[in-house]
Number of protein chains: 4
Amino acid sequence: MNKTRLEAFSDGVLAIIITIMILEIKVPEGNNFSDLLPLFPKFISYILSFIYVGIYWNNHHYLLHGLSKVNGKILWANLHLLFWLSLIPVSTGWMGEHSFSKAAMALYGLILLFSSVAYFILQKIIISSEGKDSILAKAIGKDLKGNASTILYIVGIVCSFYNEWISGACYIIVALLWLIPDKRIEKFFISAEKTIDS
Amino acid sequence: MNKTRLEAFSDGVLAIIITIMILEIKVPEGNNFSDLLPLFPKFISYILSFIYVGIYWNNHHYLLHGLSKVNGKILWANLHLLFWLSLIPVSTGWMGEHSFSKAAMALYGLILLFSSVAYFILQKIIISSEGKDSILAKAIGKDLKGNASTILYIVGIVCSFYNEWISGACYIIVALLWLIPDKRIEKFFISAEKTIDS
Amino acid sequence: MNKTRLEAFSDGVLAIIITIMILEIKVPEGNNFSDLLPLFPKFISYILSFIYVGIYWNNHHYLLHGLSKVNGKILWANLHLLFWLSLIPVSTGWMGEHSFSKAAMALYGLILLFSSVAYFILQKIIISSEGKDSILAKAIGKDLKGNASTILYIVGIVCSFYNEWISGACYIIVALLWLIPDKRIEKFFISAEKTIDS
Amino acid sequence: MNKTRLEAFSDGVLAIIITIMILEIKVPEGNNFSDLLPLFPKFISYILSFIYVGIYWNNHHYLLHGLSKVNGKILWANLHLLFWLSLIPVSTGWMGEHSFSKAAMALYGLILLFSSVAYFILQKIIISSEGKDSILAKAIGKDLKGNASTILYIVGIVCSFYNEWISGACYIIVALLWLIPDKRIEKFFISAEKTIDS
């Protein structure tokens, strides 16, 4: 089976997810700058979700980079991840529509949590298929970032019932955690490839 | 003619179909978790259709994998399949909008039936073009799954006039039939490729 | 410059055009089969436009197949073609919404006419870039089909002011003209490639 | 890391951006040609934005053409560019909806300005990664066009508060600046590649 098509299909779906979110930002009805103000929460939600989908695309890259053979399990674990990511636009829209209301923040966190679980499953399946000594298995190591994200998502979801801003802060922290380039993984890949080549 | 573009175009269309279905799930108007409840049938329909499109993408993969040369007939048979699949989002939306009403269930089954017929035609054309001794022809064999699906679709459509839940069950069974990885085909391809290599 | 990206981008745009047309077919509000009836003209329009976009994708394939080098002119002529094709969904929607009214039929014909002119320009530019002795130039020859299509489009547009069904017939005839596989071109390519290989 | 996926993802997003703009042009409600008249400003806005996205796609091509290795910085600078470009459809829709009102013209200019800044950042990062002696660095040179565009965008934004037509003219001039093929860059690449080959 063909890795190229798996990548192409995932890229297509991710490109559509990241772009159709903009359709939630409806053209304002008025004619003045002040008519843009109600769009502000939608715009902020859009930025956050854009970054999240960007992070997933970025990490998906690395994940499939070390992949040598595709099987049915990987295919479906990948579709499972895309499923949860495809729900991001709706929950982003809800969050923006109601200016970060408690329920919307909880739902957003839930979808992020399920997406990260789906990513974790895909990662596990790829590692078990590639072997524990594969480049990927070594590169991920203890997956501290992944664990920290999971905890922050759960904190964010629980907090959303008391204070929506704390959960907002949790989601932003997770995004920053992944946005700041992980030099270690990148270096690991480069050095690993050098070792293989030599 | 170029197989890569056929795959790329099909991947693009399938990626769009699987993702625009989410646009049928409109952002809820209220502000509470209870406002998500009316979305539940839409969500269930979305999951089912997501799995169906995923299955088609998956099988389409295998179908084109064994293909060596593309001709006009294959191109149009492929477009014919994409046509029926492109109707899945609308009928999914209808099914979700009216909580699996009888008419919506019948229409959904009809579109699944036509999609499977289109897939069958594409398969026939590819086999007749590749030859009866091709890997694909051998891998498909008696196509028990395909025949079982057709029967289940027809049962589902007929039952929808009496009881919509029976037809729902039929569509779910077909999805499960294909979701459970078909070890035989996968193994067949792997062993066939080994034979060719050696 | 890179032919692959030109193809990939065109495939992407064509895949989106062919799929977003379905968004014009809104989920019916009622709960019965009879609620599907008003969708019938939309469905017919969708089929016709699906075939047209399919034909353009198919021909675009052949056109770029014989292309060896991409330049700025080709890039923009290609975007120009995609521009006119991107208007097909709106005019399809208008045609379906008003059950093939005279004005909608004229607009549809106009957009088909401009698309075919844009295709003709792209073809000219590619031939002038590849040389008159190129495979493409020989394969196209006198372009009888292209000329016949142009005449039929114009007849269709003019007739739409008197009788919308005649113009509908014109557009269907053009689609059939291109749908029926042009054995000559396909054979020409195959024999030309054999000559090159030998 | 893989340049192909960066290109494929960008192509996907740009293809979606350029095509979903058409969704802002809603199917007219009436039945006559006169019902198309209110769509005229939307159509003009669509043409302008189509050309802009086309230019970005075209230039993005050249930018990545000379790229040999992708890193995290380039990936995020690219996503940053796609982010601003993804806002073009909404502001195009606003501009068309209110027939080029002052506020809409200012917003459109702002988004074009931010897009060009994002492009500039991406270019800087690629050059700093490839080295000052790279083909790209030499091809871009003093980037007169880029600087002229920035000035024209700012003039356009400022003027929009007094006269919306001047700002419209500014945006059209920038588009023409880039639309007219830049023979120098194209020639530079061709000669540079010849030098490398020999």
For this session: Could you please let me know if C:L107 is over 17 Å from the mean Cα position of the chain (by Cα) and either open to solvent by 10 Å² or more (accessible area, probe 1.4 Å) or hydrophobic (A, V, I, L, M, F, W, C) (or both)?
Result: no
For this session: Enumerate the pairs (first residue in region B:148-167 and closer than 17 Å to B:S91 by Cα; second residue anywhere and open to solvent by 50 Å² or more (accessible area, probe 1.4 Å)) with beta-carbon separation below 7 Å, excluding pairs fewer than 6 apart on the same chain, so at least 6 apart or on different chains.
Result: B:I157/B:L110; B:S160/B:K102; B:F161/B:K102; B:E164/B:K102
For this session: Please state which of the following conditions D:A118 fails to meet, knowing it meets all the rest: (1) within 16 Å of the chain's Cα centre (by Cα); (2) more than 14 Å from chain A (Cβ to nearest Cβ).
Result: (2)
For this session: Name every residue in region B:1-11 that is over 20 Å from C:L23 (Cα atoms), more than 8 Å from every other protein chain (Cβ to nearest Cβ) and of a type outside the set (D, E, K, R), in order of residue number.
Result: B:T4, B:L6
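Name the residue, out of A:L48, A:L67, A:L37, A:L79, that is within 15 Å of the chain's Cα centre (by Cα) and more than 9 Å from every other protein chain (Cβ to nearest Cβ). Please lay out each step first, then the result.
Details: A:L67 fails: within 15 Å of the chain's Cα centre (by Cα); A:L37 fails: within 15 Å of the chain's Cα centre (by Cα); A:L79 fails: more than 9 Å from every other protein chain (Cβ to nearest Cβ).
Unique residue meeting the criteria: A:L48.
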Exercise. What are the residues in region D:158-188 that are within 21 Å of the chain's Cα centre (by Cα) and modelled with pLDDT under 65, if any?
Worked result: D:P181, D:D182, D:K183, D:R184, D:I185, D:E186
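Report, by residue number, each residue of region C:134-177 that is assigned to a helix (DSSP H, G or I) and of a type in the set (K, R). Steps first, answer last, please.
Looking only at region C:134-177, we keep the residues that are assigned to a helix (DSSP H, G or I), and these are C:135-140, C:144-159, C:164-177.
Matches in region C:134-177: C:K138, C:K145.
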For this session: Look through C:S149, C:S134, C:S116 and report the one residue that is hydroxyl-bearing (S, T, Y), touching a Ser or Thr at 6+ places or on another chain (Cβ under 9 Å) and farther than 23 Å from C:H80 by Cα.
Result: C:S134
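Looking at this structure, is C:W76 at pLDDT 95 or above and closer than 20 Å to C:I17 by Cα? If you could, list the steps in order and put the result at the bottom.
Values: at pLDDT 95 or above: no; closer than 20 Å to C:I17 by Cα: yes.
Taking the combined requirement at face value, the residue does not satisfy it.
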For this session: Of the numbered conditions (1) out of contact with any Cys (no Cβ under 8 Å at 6 or more places or on another chain); (2) modelled with pLDDT of 90 or more; (3) within 21 Å of D:A148 (Cβ to Cβ), D:N59 fails exactly one; give the number of that condition.
Result: (2)
Exercise. If you take the residues in region D:12-34 that are more than 8 Å from chain A (Cβ to nearest Cβ) and touching a residue at least 40 places away in the same chain (Cβ under 8 Å), which one is farthest from C:F9 (Cα to Cα)?
Worked result: D:I25
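For (1) within 18 Å of D:Y62 (Cβ to Cβ); (2) of a type in the set (V, I, T), each residue gets a yes or a no:
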| site | (1), (2) |
| --- | --- |
| D:I88 | no, yes |
| D:T92 | no, yes |
| D:A104 | no, no |
| D:G109 | no, no |
| D:L112 | no, no |
| D:S115 | yes, no |
| D:Y119 | yes, no |
| D:Q123 | yes, no |
| D:S128 | yes, no |
For this session: Specify the residue that is farthest from D:I88 (Cα to Cα); the eligible residues are those in region A:9-32 that are open to solvent by less than 10 Å² (accessible area, probe 1.4 Å) and among the polar types (S, T, N, Q).
Result: A:S10
Problem set entry | Test for A:L112: is it assigned to a helix (DSSP H, G or I), within 19 Å of A:V155 (Cα to Cα) and either without any contact (Cβ under 8 Å) to a residue 40 or more places away in the chain or not basic (K, R) (or both) | yes
Exercise. Quick one: would you say C:K73 is under 26 Å from D:D11 (Cβ atoms), of a type outside the set (F, W, Y) and open to solvent by 70 Å² or more (accessible area, probe 1.4 Å)?
Worked result: yes
For this session: Being under 30 Å from B:S134 (Cα atoms) and free of Cβ contacts under 8 Å to residues at least 40 places away in the same chain is the filter; apply it to region B:82-106 and report the residue that is nearest to the other protein chains (Cβ to nearest Cβ).
Result: B:F83
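Quickly run through region C:126-146 and pick out the residues that are of a type in the set (G, A, S) and either on the phi < 0 side of the Ramachandran plot or open to solvent by 30 Å² or more (accessible area, probe 1.4 Å) (or both).
Our first condition is that a residue be of a type in the set (G, A, S); within region C:126-146, this holds for C:128-129, C:131, C:134, C:137, C:139, C:141, C:146.
Hits for region C:126-146 are C:S128, C:S129, C:S134, C:A137, C:A139, C:G141, C:G146.
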Exercise. For D:N59, are the conditions met, namely being more than 7 Å from every other protein chain (Cβ to nearest Cβ), touching a residue at least 12 places away in the same chain (Cβ under 8 Å) and more than 28 Å from A:K3 (Cα to Cα)?
Worked result: yes
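The values are calculated or read from the model by the stated rules, or taken from the named source; none is laboratory data. As the structure is a prediction and not an experimental result, all values here were calculated from the model. Counting neighbours? That spans all protein chains shown, and the Cβs are built from the backbone with ideal geometry, glycine included. Side chains are part of the model used for accessible areas, which takes the heavy atoms of the whole protein and leaves out ligands, DNA and RNA. Shrake-Rupley method; radii C 1.70, N 1.55, O 1.52, S 1.80 Å.
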